[in-house]
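K.L.:
Sharing a structure below in structure tokens format, with a few things to ask.
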Amino acid sequence: MTKEIIWNSSLLIFGIFLIFVFTVNTMTSSIVPGWQSNSLLPIFGFWNKIKVGLIAGVVLMIFRYLNLGILLIVNKDLRLLVLLIGYSIPILIVLVGLNFLMDNNMDNLQQQIFPIQQIKKEISELRKAGLFKSCSDKSDEYVTELAIGRAISKQDGWANSAGYWNVETNQLNKLEILRLDNEKVWQRNDTEFVVEGNRAYEDVIKELGKISEGNFNPTEIKEDWVSSKKVKVTFKNKEKEHTIYPKVFNDWADMEGILKYVNNEILATVDYQFYYGRGGDTFVIGLTLKEKEELSKLTGIEFEEIK
């Protein structure tokens, strides 16, 4: 009985040892044990790894008793066959687990890869329709590198391409590719950002001026909250004073009201308007009529007039 207790205790300790060994970080200058590195099983803390180790120890105990039972089989051929099957099971479990981990790693890797040639081809076509005008004297390779750099910068340095193409369908998200032209496309993708005192509408007016290609040049922009239910936005354009009273929707911006005013009161006499791009998050782009028609044909995106 004492021998069995020693054996089982040893197997439990060995199970714990295995869990910590397999979470050792060997990528550093010295071997760092798993309870410090968390290089594998990262969501497990010290005590959770102890629990997993105990489970591994129990599994080892079960296999020990199975092996002892197999060794009692008198027929040598049958004993060998059962042993082979018994040892195949944990090997298969390990192989299935490794395959699962490799599939996950491949998925994560694919999400980090930008399809450069596809993006380059798309950008080349978009340039013909009037996008990326500030780089008119640059090559498609240069503009592609610039666009991908902007995409990574927007993600605070993370190279995640998931928002720009679908790995499974191998299709680009054309709205997000368009958004990489920050001189024609409003850079926000939602309108939940207005809080009294944060002067968000002042930023909106400035941003619309920057993507208007010189057709809208607001100055002396000011946002006043008359009350918690009423906000007043004033600015000058070509020395003419303008006043907008955006609707208050809690912390949602009244982009509809702002864009309608700018389109109807300021851009009505020029060949330039702001449009919504349908098919995703809030997307605002400034286009001439010809650019709108060419871009619609090229991308299949419907650009909605804001009147």
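The values are calculated or read from the model by the stated rules, or taken from the named source; none is laboratory data. Computed from a predicted model, the values in this text were never measured in an experiment. Using ideal geometry, Cβ is built from the backbone for each residue, glycine included, and neighbour counts are taken over all protein chains shown. Accessible surface areas use protein heavy atoms only, side chains included; no ligands, DNA or RNA. Shrake-Rupley method; radii C 1.70, N 1.55, O 1.52, S 1.80 Å.
K.L.:
Somewhere in the range 253-263, is a residue within 28 Å of the chain's Cα centre (by Cα) and part of a strand (DSSP E or B)?
P.N.:
Taking every residue of the range 253-263 in turn, none turns out to be within 28 Å of the chain's Cα centre (by Cα) and part of a strand (DSSP E or B).
K.L.:
In addition: Would a scan of the range 231-249 turn up a residue that is more than 30 Å from D140 (Cα to Cα), under 23 Å from the mean Cα position of the chain (by Cα) and acidic (D, E)?
P.N.:
Keep residues of the range 231-249 that are more than 30 Å from D140 (Cα to Cα), which gives 231-249.
Those left that are additionally under 23 Å from the mean Cα position of the chain (by Cα): none.
Scanning the range 231-249, I find no residue that is more than 30 Å from D140 (Cα to Cα), under 23 Å from the mean Cα position of the chain (by Cα) and acidic (D, E), so the answer is no.
K.L.:
Something else now. With the structure loaded, tell me whether K247 is basic (K, R) and either in contact with a helix residue (DSSP H, G or I) (Cβ under 6 Å, 6 or more places away or on another chain) or free of Cβ contacts under 8 Å to residues at least 12 places away in the same chain (or both) or whether it fails that test. Steps first, answer last, please.
P.N.:
Numbers: basic (K, R): yes; either in contact with a helix residue (DSSP H, G or I) (Cβ under 6 Å, 6 or more places away or on another chain) or free of Cβ contacts under 8 Å to residues at least 12 places away in the same chain (or both): yes.
In short, yes.
K.L.:
Would you be able to tell me the number of residues in the range 114-157 that are in contact (Cβ under 8 Å) with a residue 24 or more places away in the chain, more than 23 Å from E294 (Cα to Cα) and not in a helix (DSSP H, G or I)?
P.N.:
Residues that pass the stated criteria total 2.
K.L.:
Looking at the range 276-293, which of the residues that are assigned to a loop (DSSP other than H, G, I, E, B) and surrounded by fewer than 14 Cβ atoms within 10 Å (Cβ to Cβ) is modelled with the lowest pLDDT? Write out each step before concluding.
P.N.:
Restricting attention to the range 276-293, the residues satisfying the condition of being assigned to a loop (DSSP other than H, G, I, E, B) are 278-283, 288.
Keeping just the survivors that are surrounded by fewer than 14 Cβ atoms within 10 Å (Cβ to Cβ) gives 278-279, 281.
Values: R278: 86, G279: 77, D281: 80.
Residue satisfying both the conditions and the ranking: G279.
K.L.:
Suppose we keep only residues that are among the small types (G, A, S) and within 15 Å of N250 (Cα to Cα) within the range 214-235. Which one would you say is most open to solvent (accessible area, probe 1.4 Å)? Quick ask: steps written out before the conclusion?
P.N.:
Going through the range 214-235, the residues among the small types (G, A, S) turn out to be 214, 227-228.
Remaining after also requiring within 15 Å of N250 (Cα to Cα): 227-228.
On the way: S227: 52, S228: 76 Å².
This residue is S228.
K.L.:
The conditions are (1) among the hydrophobic types (A, V, I, L, M, F, W, C); (2) more than 28 Å from T288 (Cα to Cα); (3) in contact with a strand residue (DSSP E or B) (Cβ under 6 Å, 6 or more places away or on another chain); (4) in contact (Cβ under 8 Å) with a residue 60 or more places away in the chain, and F193 fails exactly one of them. Which is it?
P.N.:
(3)
K.L.:
Of all residues in the range 250-275, count the ones that are open to solvent by 40 Å² or more (accessible area, probe 1.4 Å) and touching an Asp or Glu at 6+ places or on another chain (Cβ under 8 Å).
P.N.:
Of the residues in the range 250-275, 2 are open to solvent by 40 Å² or more (accessible area, probe 1.4 Å) and touching an Asp or Glu at 6+ places or on another chain (Cβ under 8 Å).
K.L.:
Turning to a different aspect of this structure: When the residues of the range 134-154 are narrowed to those that are more than 15 Å from the chain's Cα centre (by Cα) and of a type in the set (A, V, I, L, M), which ends up surrounded by the most Cβ atoms within 10 Å (Cβ to Cβ)?
P.N.:
Filtering the range 134-154 for residues that are more than 15 Å from the chain's Cα centre (by Cα) and of a type in the set (A, V, I, L, M), the one surrounded by the most Cβ atoms within 10 Å (Cβ to Cβ) comes out as A147.
K.L.:
Follow-up. Can you pull out the residues in the range 115-157 that are of a type in the set (K, R) and touching a Ser or Thr at 6+ places or on another chain (Cβ under 7 Å)?
P.N.:
Quick first cut of the range 115-157, residues of a type in the set (K, R) only: 120-121, 127-128, 133, 138, 150, 154.
K120 - this is the single residue of the range 115-157 that is of a type in the set (K, R) and touching a Ser or Thr at 6+ places or on another chain (Cβ under 7 Å).
K.L.:
Do we have any residue at all in the range 213-235 that's in contact with an Asp or Glu (Cβ under 9 Å, 6 or more places away or on another chain) and in a helix (DSSP H, G or I)?
P.N.:
no
K.L.:
Moving on. Among (1) touching a strand residue (DSSP E or B) at 6+ places or on another chain (Cβ under 9 Å); (2) at pLDDT 95 or above; (3) not hydrophobic (A, V, I, L, M, F, W, C); (4) not in a strand (DSSP E or B), there is one condition D271 misses while meeting the rest; what is its number?
P.N.:
(1)
K.L.:
Would the range 159-176 turn up any residue that is over 22 Å from I301 (Cβ atoms) and in a loop (DSSP other than H, G, I, E, B)?
P.N.:
The answer is yes; a qualifying residue exists.
K.L.:
So, T243, is that one open to solvent by less than 50 Å² (accessible area, probe 1.4 Å) and in contact with a Lys or Arg (Cβ under 7 Å, 6 or more places away or on another chain) or not? Full working, then the answer.
P.N.:
Working: open to solvent by less than 50 Å² (accessible area, probe 1.4 Å): no; in contact with a Lys or Arg (Cβ under 7 Å, 6 or more places away or on another chain): yes.
No, not satisfied.
K.L.:
Mind listing just one residue for me: the one in the range 52-85 that is part of a helix (DSSP H, G or I), open to solvent by 80 Å² or more (accessible area, probe 1.4 Å) and touching a helix residue (DSSP H, G or I) at 6+ places or on another chain (Cβ under 9 Å) and, of those, nearest to F14 (Cα to Cα)?
P.N.:
For the range 52-85, the residue satisfying everything is I55.
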